[in-house]
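Peer 1: Dumping the structure here so I can ask a few things about it.
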């Protein structure tokens, strides 16, 4: 069934078509420590400069947009690695089977000048739902950890749930923090 209303932010992950590494999966909680620190270090620059540029200058410089999207893509690769969905250690610049597309906005025509001040507030219902989904995602990761250790495969339905959860989280992040769309994110896991 094809979706007729698509959200501007597109996210998908390629299902691993090969057995996953049991040893890497077993020690993943240790292997993620250095890459998490690197991923978190760039997050403060995500919100405030675009907010101020949109509010006072009604501009979103392309280079800042590219930086924010690159940071979001990197963070998505880190989350995919943490969630055991791929074995490849997260690259700082390669796509690695994690696809996140964010269209560059026409600030004057598509973004309201004062909306960045309260988008984070409007996203509160999403934060609430995502917090419950995060608990479910943690359970899914634990179940997948055991499944990979025994079968070398990530169960397809659990994988699809994790893709949907991360898709939803990325939509909310782009709406409320990178501020590249005024279109309110849908409450769904599907594309």
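We did not get these values from a lab; they are worked out from the coordinates using the rules stated. Model, not experiment: these values are computed from the prediction.
Peer 1: Please work out the C-alpha center-to-center distance from region 10-26 to region 166-191 and express it in whole Å.
Peer 2: Here the two parts' Cα centres lie 24 Å apart.
Peer 1: Based on the Kirkwood radius over alpha-carbon pairs, what is the Stokes-Einstein translational diffusion coefficient of region 30-122 at 4 °C with 1.567 mPa s viscosity, in µm²/s?
Peer 2: 88 µm²/s
Peer 1: Springs between alpha-carbon atoms under 10 Å, Gaussian network over the chain: tell me which of 102, 80, 32 tops the mean-square fluctuations.
Peer 2: Fluctuation is largest for 32.
Peer 1: Tell me, what are the semi-axes, in whole angstrom and largest first, of the equivalent ellipsoid of region 10-178 as set by the roots of 5 times the Cα gyration tensor eigenvalues?
Peer 2: On the way: eigenvalues 209, 55, 35 Å².
Result for region 10-178: semi-axes of 32, 17, 13 Å.
Peer 1: Take region 110-149, drop everything but the C-alpha atoms, weight them equally and run the Debye formula without solvent; then report log10 I(q)/I(0) at 0.16 Å⁻¹ to two decimals.
Peer 2: For the requested q values the scattering log ratios are -0.58.
Peer 1: Kirkwood hydrodynamic radius, region 75-126, all distinct C-alpha pairs: what's the number in Å?
Peer 2: 14.0 Å
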